[in-house]
Amino acid sequence: MAIAESCVDAVVMEMVAVYCGGLYAAKPELAARRIEAIGFQVGHQLSERYTMERPRFSDHLEAIKFICKDFWSELFKKQIDNLKTNHRGTFVLQDNRFRWLTRVSLDPYTENTDSTENDSAALGDTAAQTTTMLLYFPCGLIRGALTNLGIPCSVSADMSNLPACSFVVRIKT
Amino acid sequence: MPPAPKSGDALFASVDRVNAELFTLTYGAIVRQLLTDLEEVEEVNKQLDQMGYNIGTRLVDEFLAKSNVSRCVDFKETADVIAKLGFKMFLGVTATVTNWDAEGTSCSLVLEDNPLVDFVELPDTCQGLQYCNLLSGVIRGALEMVSMKTEVTWVRDMLRGDDAYEMRVKLIKQVPEEYPYKDDD
């Protein structure tokens, strides 16, 4: 069954807004943990479903490749563009045009081009914060998926080259 | 001449689509997290409705832009547009409009397929949970953006043992649009 992509985007954005705005406005670190936890649960369930009919992955790299190709394609209809590793348990997955960043974070800038400099600086700040919070969701998705595949890890996001986004996976040994 | 309104199928074919699983599981995970954080089921119901409202106020723009629907002559037409085009464009399903009252201001939308609830089973501790409140909120929010204040409530819910998903949409009042807009505001 298919639905409009905008439904997924809308629900994810609204969830982030609820946790950052109302529920944990004063406690961003708690909001971040909740958003990551929601992503974790979804990633865990999805990877269970997507791997039901496959043989077990022979090593970490195979599992990471599954995330980059199949898992990412199911979610975002494209693959991860670049994968790097230090061969010591750290993997960097780069998406050159991460959908949730292209649709979201840039809106406040474009809508307020005529506001004063101070205003846009403040707005830019809020937008950056929202983006940072938003990224806890895909980090959770990846961590949940890998955990379900028997690979405990931590995942963080680097968005220094918008709208590209890198997810850094550190496998726990 | 403005372009003719699209059919539901054409409309759904014209939007970017994804597998519904991501949506369904994400919504389920949000509800579960909210139950943990808010503790009271009634608070979760309110939060879901509010989230839906906020989403509806935004999605209505996308709907109007893509559907080529022009102003509805009455609330009956509005209900049909929601059921046949709105639901179809976003969720890929249609609803049936039924049970009109004599005044033509309240009706039921009945869903046979509801993508929100795949894989969902409510535990005994959540019996008061209105799991689908997001949907009713979306309709309320979307209609408010086109000047209709409504009340949308669930009267049948398969998660609670009923035989269908039915929401009651009641038009409270038509808010007159402020017109003409002033240019120098």
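Restricting attention to segment A:1-46 and to residues that are facing chain B (nearest Cβ under 7 Å) and of a type in the set (G, A, S), the residue that is nearest to A:T126 (Cα to Cα) turns out to be A:A10.
Considering only segment B:124-137, state which residues are aliphatic (A, V, I, L, M) and more than 16 Å from B:K170 (Cβ to Cβ). Let's see the steps before the verdict.
Applying the first criterion (aliphatic (A, V, I, L, M)) to segment B:124-137 yields B:129, B:134-135.
Once the filter is applied, which keeps residues that are aliphatic (A, V, I, L, M) and more than 16 Å from B:K170 (Cβ to Cβ), segment B:124-137 yields B:L129, B:L134.
Where helices (runs of 4 or more DSSP H) fall wholly inside segment B:1-85, the ranges with 1 or more residues that are aromatic (F, W, Y) and within 12 Å of chain A (Cβ to nearest Cβ) are B:8-14, B:20-38, B:41-67.
Among the numbered conditions (1) in contact with a helix residue (DSSP H, G or I) (Cβ under 9 Å, 6 or more places away or on another chain); (2) surrounded by 13 or more Cβ atoms within 10 Å (Cβ to Cβ); (3) within 29 Å of B:Q33 (Cβ to Cβ), the only one that B:R156 does not meet is (1).
Of all the criteria given as (1) modelled with pLDDT of 90 or more; (2) over 14 Å from B:A79 (Cα atoms); (3) not charged (D, E, K, R), the one not satisfied by B:L111 is (2).
Against the list (1) within 14 Å of chain A (Cβ to nearest Cβ); (2) at pLDDT 95 or above; (3) more than 15 Å from the chain's Cα centre (by Cα), the condition B:T98 fails is (1).
Return the residues of segment B:106-136 that are over 18 Å from the mean Cα position of the chain (by Cα), assigned to a loop (DSSP other than H, G, I, E, B) and either within 15 Å of B:D162 (Cβ to Cβ) or not aromatic (F, W, Y) (or both); say none if nothing qualifies. Break it down into steps so the answer makes sense when it comes.
Of the residues in segment B:106-136, the ones over 18 Å from the mean Cα position of the chain (by Cα) are B:119-128.
Okay, now just the ones that are also assigned to a loop (DSSP other than H, G, I, E, B), so B:119-123, B:127-128.
If the condition is that a residue be over 18 Å from the mean Cα position of the chain (by Cα), assigned to a loop (DSSP other than H, G, I, E, B) and either within 15 Å of B:D162 (Cβ to Cβ) or not aromatic (F, W, Y) (or both), then B:V120, B:E121, B:L122, B:P123, B:Q127, B:G128 are the ones that fit.
Listed conditions (1) within 14 Å of chain B (Cβ to nearest Cβ); (2) at pLDDT 90 or above are all met by A:T102, apart from (2). For the condition in contact with a Ser or Thr (Cβ under 7 Å, 6 or more places away or on another chain) and over 24 Å from B:A29 (Cα atoms), B:L109 does not qualify.
Name the single residue that is farthest from the other protein chains (Cβ to nearest Cβ) among those in segment A:55-99 being farther than 21 Å from A:I171 by Cα and among the basic types (K, R). By that ranking, first place goes to A:R97. If you go through segment A:139-173 and pick out every residue that is among the hydrophobic types (A, V, I, L, M, F, W, C) and in a helix (DSSP H, G or I), you end up with 5.
The values are calculated or read from the model by the stated rules, or taken from the named source; none is laboratory data. Remember, predicted model here, so these are calculated numbers, not experimental data. FYI the Cβ positions are ideal-geometry reconstructions off the backbone, even for glycines, and counts take in every protein chain you see.
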